[in-house]
Structure formats: C-alpha cells, structure tokens
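One structure below.
Where a number appears in this text, it was derived from the coordinates with a stated rule and is not lab data. Here the structure is a predicted model, which means the values were calculated and not measured. Ideal geometry is used to build each Cβ from the backbone, glycine not excepted, and the neighbour counts take in all protein chains shown.
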Amino acid sequence: MKRSGFVIVIVIVVAASAATAQVSYDRIKNAAGEPASWLTYSGNYASHRFSALDEIDASNVSRLRPVWLYQTTSGGELETSPLVADGLMYLSEPPATVTALDVKTGRPVWSWSRPMPTDLRTLGFPRTNRGLAVLGDNVYVGTLDNHVVALDAASGAVRWDVQIAENSIGYCITAAPLAIDGKILVGVSGGEAGVRGFLDALDADTGERLWRFWTIPGPGEPGHETWSGDAWKTGGGATWLTGSYDPELDLLYWGVGNPAPDWNGDVRPGDNLYTCALIALDAKTGKLKWHFQFTPHDVHDWDANQIPVLVDAEVDGRLRKLVVMANRNAFYYVLDREVGTFLLASQYSKQTWAKEIDESGRPVVLPSTEPTEEGTLVWPSLQGATNWFSPSYSPKTRLLYVAVREMGSYYYKAEAEYDAGALFMGGGERALDGDEASGAIRALDLATGKMVWNFQQHSPPWAGVLSTAGGLVFAGAEEGNFFALDASTGEPRWQFQTGGGVRANPIAFEVEGRQHIAIAAGKAILVFGL
Amino acid sequence: MGGTGGEGPSLARPTLRHAADEEALVKVIQEGIEGTDMPGAWQISENEVRQIAAYVRSLSRVESAPLPGDRERGREVFEGASGCGSCHMIEGEGGILGPDLSDVGLRRGAAYLRESLVSPGATIAERFLLVRAQTRAGQEVVGVRVNEDSFTIQLRDQAGRIHSLSKLELQDLEKAFGESLMPSYGSELSAFELDDLIAYLASLRGEP
C-alpha cells in the first residue's frame with residue numbers, strides 16, 4: 001500500500017512541473033506583461049529590452065549587490081543574453097553549451113554540450129554564442145557548426161537536431177534563434193567568408209525547414225540586378241543577429257550583414273541588395289514584404305545586424321507603426337514598419353563618410369572615403385558606431401538608449417579572390433584605439449533621433465543596454481564596470497566592478513517577487529538584487 | 001624599413017622571442033602578442049600570412065649594422081648622474097615610475113630608443129600617460145596613469161604611491177598627451193654619451 005501511494009505522489013509532481021514549464025507563444029507575445037520572466041532574446045518581440053519591474057529605482061539602486069555568480073568553464077568570454085522562465089535561467093556558453101540554472105541560487109540543474117569539430121572554421125568573429133530561444137517545453141540553440149537543436153527545457157535532453165548549413169564554406173550560427181508561433185527563426189554568420197546569407201524558419205516541433213529566404217537574390221529575383229556576374233553567389237549578407245516580430249502584421253524584421261568581399265567593392269559593382277539592409281518578411285511564407293538599405297554598396301563592413309526596435313509613435317501628427325534602428329553606419333533611422341517608408345535619419349555618432357542622408361533615405365557619400373592601398377581614415381570604425389549589442393526603448397521616457405562606439409579606422413583595400421572556406425575580405429583595417437577612441441551611452445529622442453543626454457565611457461563598449469520602469473538604464477563596459485544611469489538624465493547612480501569585460505546584454509526578472517538584474521561579464525553570469 | 005626595429009624590435013636576428021618556429025610566427029602575425037602593442041592581422045589570408053612569415057625569416061640573414069656607441073660606457077651613463085635608474089628598473093634594481101627596461105633591447109629598435117631619450121613625450125606609451133587630477137575637496141594629484149575605467153582612475157605619483165580616485169569626485173581631470181615626467185636627454189648628454197646609452201639599452205635582452 002505504501003508503495004502505490006508513493007507512485008501516485010510522483011505522478012502528481014511530474015504533471016505539476018510539466019504544466020508550469022510551458023512557455024506558450026501567447027506568453028512570449030505578451031512578455032511585456034510578464035516582467036518576472038525574460039522569455040525572448042530582446043525581452044519582447046518588439047525588441048524593447050525594457051523591464052516593467054520598478055522595485056529597483058534611483059532611490060535604492062546604490063544598495064544593489066551581487067546575489068549569486070555562476071562561473072562557466074566551457075570556453076571563452078560570454079556574449080550571451082540569458083532567458084528566465086518558471087524558476088530556471090537558460091544560458092549559452094561558448095562554444096556550444098547550454099546550461100539551466102536554478103534562478104534562486106545559480107546552481108546548475110542541467111547542462112548540454114555539443115563537441116565542436118577539430119576543423120571548425122569561424123572566419124572573422126570569435127567562437128561565441130549570443131543566446132537561446134524557448135517555446136513550449138523546449139529550449140532552442142544554434143551551434144557554430146550549424147546545428148539547430150531543440151532541448152527539453154526541464155532536462156536538457158535532445159528533442160531534435162538538424163543541420164542547416166555547411167561550416168566548411170564559412171557558415172556558422174552565433175545568434176539566438178527567435179521563437180514565434182510554431183516556428184524557430186535562425187540566422188547565419190559568414191559574411192567574411194563570402195557565404196550567401198539566408199534566414200531559415202524551422203518547424204518548432206520537428207526541425208523541418210518551412211521556408212528559407214536568401215538575402216542575396218538569385219537570377220530572376222527582384223534585386224538580382226544590383227549584382228553583376230557571379231558576385232551574388234559569394235555576396236555575403238549574413239543574418240547573424242536576432243530580429244524582431246510584429247504579431248499583428250505577422251512580419252519579421254531582420255538585419256542583413258555586409259557584402260563580400262568587405263573592403264574591395266570593385267568585384268561587386270551595384271547596390272548589392274539586400275546587404276546592409278533591413279528586410280521585412282511575411283512570417284508565414286518567408287516572402288519579402290519590403291526592404292530598406294542603409295548603406296548601398298558598402299565598403300566598410302557596416303552590417304545592418306543591429307536590433308530593429310518596433311514602436312508606435314506619432315510622426316508629423318499621425319500615429320504610425322514604426323521600426324527604428326541605430327545603424328552601424330552612425331545614423332539613426334525611423335521607418336514605417338508596415339510598408340518600409342523612410343521617414344527620417346539623424347546622425348548619432350561621429351562619421352566622416354556621408355554628407356547627409358537624402359530625402360529617399362540614401363546616403364550622399366563623400367569622396368575619398370573608400371578603402372585604399374595606403375589606408376583611408378574614416379569614422380566610424382569597422383565595428384561601427386554601434387554593433388550587435390542591444391539598444392533599449394523605454395515606453396516611460398520614450399527614449400531609445402544606445403551604446404555608442406566613437407572610433408575611427410584606417411581602411412585598406414587589397415585584391416580579393418574567393419577561396420571556399422577562407423576569408424574573403426579584400427583588404428584590412430587598423431582602428432584608432434586606446435585614448436584615441438571612446439564610448440558612450442546615449443539617449444535619443446525616438447521621433448527625431450536628437451540626443452537628449454550622453455554618458456561618456458572610457459572606451460568603446462561591447463555591451464548592450466537595459467531600461468526599466470524604475471527609471472534606470474543598465475549598461476556595461478570593456479573595463480568590467482556594470483552600471484546604472486538615471487533614465488531621464490544619464491546621471492550615474494550605481495556601478496560595480498565585475499572583474500571581466502562586459503560583452504553582453506543585461507536582463508531583468510523576479511525571484512520570489514523581488515526584482516533581479518543579470519549580466520554576463522568575462523566568463524561569469526552575475527545576478528544582482530537589493 | 002628592413003625590419004631593423006622602431007617602436008617594435010628589430011626582426012633582423014636569427015631567433016625571435018615570440019616566434020621560435022614557423023607556426024609560432026604565423027600565430028604572432030595573425031593574433032598579435034597579448035600584453036604588447038603588437039596587433040593581430042586577422043583579416044589577411046593564410047597565404048598572405050605565410051608570405052609575411054617568409055619575409056620575416058629572410059630578415060634574419062640581413063647583417064645588422066653595429067651601433068656606434070659603447071655599451072659599457074652607456075651603462076655608466078645610465079647608472080651615473082643621468083638618474084635613469086631612479087625611474088627605470090633593470091633586473092629588479094631601480095625605480096618603477098617609468099617602464100622596466102630589462103629587455104628593452106628586445107622590444108624596441110635603436111631609432112625608437114633615441115627618440116625616447118631626446119623627445120620622451122613623442123613616444124610615451126598610453127600606460128605611462130601623465131595625468132593631473134583635482135578632487136572637489138581641492139587635493140591635486142599628479143602621476144602616471146596605472147589604470148582607468150569609466151568611473152575610476154588609478155595614478156602613481158613621483159614617490160611611487162598609488163592614488164585611486166573616483167571620477168565622480170573629481171573637479172578636473174587633465175590628461176597630458178605628448179608630455180612625460182621624463183626630461184629630455186638631448187641636451188643633458190653629449191652626442192657620444194647618447195650613442196653609448198643607446199648601445200647599452202639595445203643590449204638589454206632580459207638575460208641577467
């Protein structure tokens with residue numbers, strides 16, 4: 001009798017835990033209303049990286065202290081943005097490990113790793129992974145050798161594993177997948193190896209490919225005329241950062257990377273669509289709805305792999321659905337996200353390459369700014385005025401917070417010959433670093449792009465920004481500082497020396513009803529609370 | 001030019017400290033040398049890296065022109081009235097305000113050493129930047145920057161004391177780019193003494 005009673009108890013416990021582990025599409029869609037969790041890479045589908053939690057505010061943030069640290073051991077420095085759901089924190093560790101931590105204590109609950117092949121090629125970027133997706137009772141990860149794997153969120157067991165591209169010619173996955181209703185969206189890296197970029201939609205239950213959008217149009221497709229000869233076959237256009245999603249319009253917004261080769265544009269005359277562009281895709285079919293190219297015929301490696309932020313705001317007296325982006329080319333753009341109309345561009349960081357952005361949204365490029373054999377000094381640097389690290393939009397202040405890199409580079413041009421699986425760059429770059437470079441956190445007026453405040457940083461950052469309903473902006477620095485600024489004024493309110501470079505995005509969540517903030521620094525995840 | 005050294009060391013020598021063999025040299029070219037000013041050149045192809053490595057190796061067969069000075073007399077200049085040792089350490093002896101020179105002959109070429117002695121501000125490394133800080137309480141600290149982040153700065157003053165300052169508590173922070181605490185020895189020393197001193201410094205290879 002005792003024995004059968006024990007069995008009954010087990011069944012009840014399993015059923016209860018399964019019921020709480022479901023991260024439904026509706027939960028993610030309404031993530032802004034569930035601030036205790038962090039359910040998708042940028043916090044919500046609109047990519048606001050904003051937390052409605054307000055327990056930590058300007059009056060008490062000076063008392064913020066570490067609650068726990070988790071030291072990773074599997075590889076290099078972390079660039080991951082964790083997820084939090086139902087008592088667990090999920091994080092990716094380089095090169096290909098996923099770990100679930102008890103959010104209360106930081107103690108590991110499970111860990112999964114995929115061994116990397118000895119001949120793995122990561123051409124033009126570190127062996128990194130920037131995050132995960134959750135949907136239903138699965139956690140999804142993309143690996144450097146192009147496997148997309150669905151793991152059981154409760155145990156780490158593999159549900160399915162598919163390979164979507166070949167690493168031998170330079171493809172990798174570094175971005176967090178995006179989970180929408182029944183689909184997992186996965187982008188690829190490889191723009192420095194001359195891959196042909198694409199975005200895949202996979203069935204969330206099986207891994208089967210539902211559609212693929214090639215970012216470099218093939219013969220007969222619109223946009224193909226912006227290439228010549230066979231250059232499109234090795235044209236780059238990687239999709240290496242997680243995009244955004246509008247459930248009402250059922251449109252995905254995804255940034256596309258540089259054309260290849262990077263610095264020698266002679267071998268690819270034309271605008272080179274859809275490189276350095278934002279594309280809006282029908283989520284059901286993967287068909288292109290519209291595109292906007294920020295940097296036609298780019299020769300400075302200014303990928304548009306930044307976070308597209310979706311906001312509804314009044315422009316010229318009319319409420320519009322907008323997508324805004326602080327682009328790597330040093331201009332902030334406001335577009336209509338229904339049809340892609342260009343509404344405004346505004347310079348937000350030092351640049352020496354464009355006279356202006358004209359009325360159609362096209363840059364008026366200054367002479368003598370192309371790479372040369374001797375080197376051409378141009379701002380911003382190869383890494384851009386900003387990069388993959390996230391901006392944040394606060395609906396309370398209606399400001400966009402951007403981590404900015406003030407840095408110039410000498411750009412060099414060289415012969416470019418495609419060799420499958422090798423770097424295909426056509427030149428080089430030497431940045432003005434040290435005291436010649438600096439960084440900032442800037443608050444931009446959403447509608448005009450005008451700078452409202454500036455917080456100066458010692459060096460150009462590689463860390464993203466989180467804003468909160470507590471009136472704070474959290475950000476990080478290369479020198480290890482993790483800090484909070486007043487969201488309205490930019491005044492520093494708190495800082496903590498983490499002891500490792502901060503190259504990641506902060507998140508916020510609750511543990512037992514109390515607000516916490518997490519950030520990766522060096523090889524550790526740090527969690528702070530009051 | 002010719003790999004004879006400048007800000008970096010002369011490459012016209014049979015053995016290179018960070019590149020004992022071909023693979024190590026390729027790695028140095030691709031990844032740079034951590035903790036030094038040598039950057040990596042990750043953008044260039046494997047083939048180009050191999051070509052550069054072959055060129056660097058060819059320099060080892062170039063006969064280096066001997067330096068005009070006498071290194072023993074140079075040592076006397078260093079240890080004598082010039083006062084070099086009050087700020088610079090060699091093999092564990094000397095001051096710490098300036099760079100340790102124990103292996104400066106491996107790290108720098110003769111032309112760079114001469115410029116450092118004649119125009120110290122022109123070659124000063126960022127990690128020896130001269131900084132003047134004034135706190136809101138009125139205290140002034142002048143020293144060499146040891147470290148800095150967005151919120152704090154650490155200075156070493158002429159007495160060797162470390163000052164850790166919060167930027168929020170500073171009224172003024174002046175970074176004296178192009179200036180150095182080190183005096184110019186262009187007129188302090190004769191042309192012969194300068195040659196001797198350079199010969200001595202160039203001979204320092206970190207081998208006691």
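For segment B:55-67, indicate whether the set of residues that are within 30 Å of A:P261 (Cβ to Cβ) and within 14 Å of chain A (Cβ to nearest Cβ) is non-empty.
No; the residues of segment B:55-67 include none that is within 30 Å of A:P261 (Cβ to Cβ) and within 14 Å of chain A (Cβ to nearest Cβ).
Show the residue pairs meeting these rules: Cβ distance below 6 Å; 6+ apart or different chains; first residue within segment A:476-491 and within 12 Å of chain B (Cβ to nearest Cβ); second residue among the basic types (K, R) and buried (at least 18 other Cβ atoms within 10 Å of the Cβ).
Listed pairs, sorted by first residue: A:A484/A:R493.
Can you tell me which residues in segment A:77-96 are in a loop (DSSP other than H, G, I, E, B) and of a type in the set (S, T, N, Q)?
A:T80
For the condition under 28 Å from B:R145 (Cβ atoms) and either buried (at least 18 other Cβ atoms within 10 Å of the Cβ) or under 19 Å from the mean Cα position of the chain (by Cα) (or both), what is the one hit in A:S394, A:S390, A:S381?
A:S381
Being within 30 Å of B:E72 (Cα to Cα), among the polar types (S, T, N, Q) and touching a Ser or Thr at 6+ places or on another chain (Cβ under 6 Å) narrows it down to one residue among B:S116, B:S184, B:S180; which is it?
B:S116
Would you check which residues across segment B:30-51 are of a type outside the set (F, W, Y), more than 22 Å from the chain's Cα centre (by Cα) and within 9 Å of chain A (Cβ to nearest Cβ) and list them?
B:Q43, B:I44, B:S45, B:E46, B:N47, B:E48
Hey, any hits in segment A:200-216 for a residue that's small (G, A, S), more than 19 Å from the chain's Cα centre (by Cα), farther than 19 Å from A:A420 by Cα and assigned to a loop (DSSP other than H, G, I, E, B)?
Yes, segment A:200-216 contains at least one residue that is small (G, A, S), more than 19 Å from the chain's Cα centre (by Cα), farther than 19 Å from A:A420 by Cα and assigned to a loop (DSSP other than H, G, I, E, B).
Looking at (1) under 22 Å from A:G187 (Cβ atoms); (2) in contact with a strand residue (DSSP E or B) (Cβ under 6 Å, 6 or more places away or on another chain), which is the one condition that is false for A:R328?
(2)
Being outside any loop (DSSP other than H, G, I, E, B) and without any contact (Cβ under 8 Å) to a residue 24 or more places away in the chain is the filter here, so list the residues in segment A:97-153 that pass it.
Correct list: A:D102, A:V109, A:D152.
Would you tally the residues in segment A:276-297 being within 15 Å of A:E221 (Cα to Cα) and not in a strand (DSSP E or B)?
Of the residues in segment A:276-297, 2 are within 15 Å of A:E221 (Cα to Cα) and not in a strand (DSSP E or B).
Name the residue, out of A:E370, A:E359, that is closer than 30 Å to A:D250 by Cα and assigned to a loop (DSSP other than H, G, I, E, B).
A:E359
Can you spot a residue in segment B:98-109 that is in a loop (DSSP other than H, G, I, E, B), loosely packed, with under 14 Cβ neighbours inside 10 Å, touching a residue at least 40 places away in the same chain (Cβ under 8 Å) and more than 14 Å from chain A (Cβ to nearest Cβ)?
no
Which residues, counting only those in segment A:218-237, are over 14 Å from A:T275 (Cα atoms), small (G, A, S) and free of Cβ contacts under 8 Å to residues at least 40 places away in the same chain?
Those that are over 14 Å from A:T275 (Cα atoms), small (G, A, S) and free of Cβ contacts under 8 Å to residues at least 40 places away in the same chain: A:G220, A:G229.
Working only within segment A:228-254, note down all residues that are among the aromatic types (F, W, Y) and surrounded by 24 or more Cβ atoms within 10 Å (Cβ to Cβ).
A:W232, A:Y245, A:Y253, A:W254
When segment B:124-138 is examined, which residues are found to be of a type outside the set (A, V, I, L, M, F, W, C) and within 14 Å of chain A (Cβ to nearest Cβ)?
Once the filter is applied, which keeps residues that are of a type outside the set (A, V, I, L, M, F, W, C) and within 14 Å of chain A (Cβ to nearest Cβ), segment B:124-138 yields B:E126, B:R127.
Filter segment A:45-58 down to the residues that are touching a Gly at 6+ places or on another chain (Cβ under 9 Å), assigned to a loop (DSSP other than H, G, I, E, B) and at negative phi, then identify the one that is surrounded by the fewest Cβ atoms within 10 Å (Cβ to Cβ).
Once the filter is applied, the top-ranked residue is A:D54.
Being assigned to a strand (DSSP E or B), more than 24 Å from A:R493 (Cα to Cα) and facing another protein chain (nearest Cβ under 7 Å) is the filter here; which residues of segment A:428-461 pass it?
A:G428, A:E429 - these are the residues of segment A:428-461 that are assigned to a strand (DSSP E or B), more than 24 Å from A:R493 (Cα to Cα) and facing another protein chain (nearest Cβ under 7 Å).
Restricting the search to segment A:409-423, which residues are more than 9 Å from chain B (Cβ to nearest Cβ), assigned to a loop (DSSP other than H, G, I, E, B) and crowded, with 22+ Cβ neighbours inside 10 Å?
A:A416
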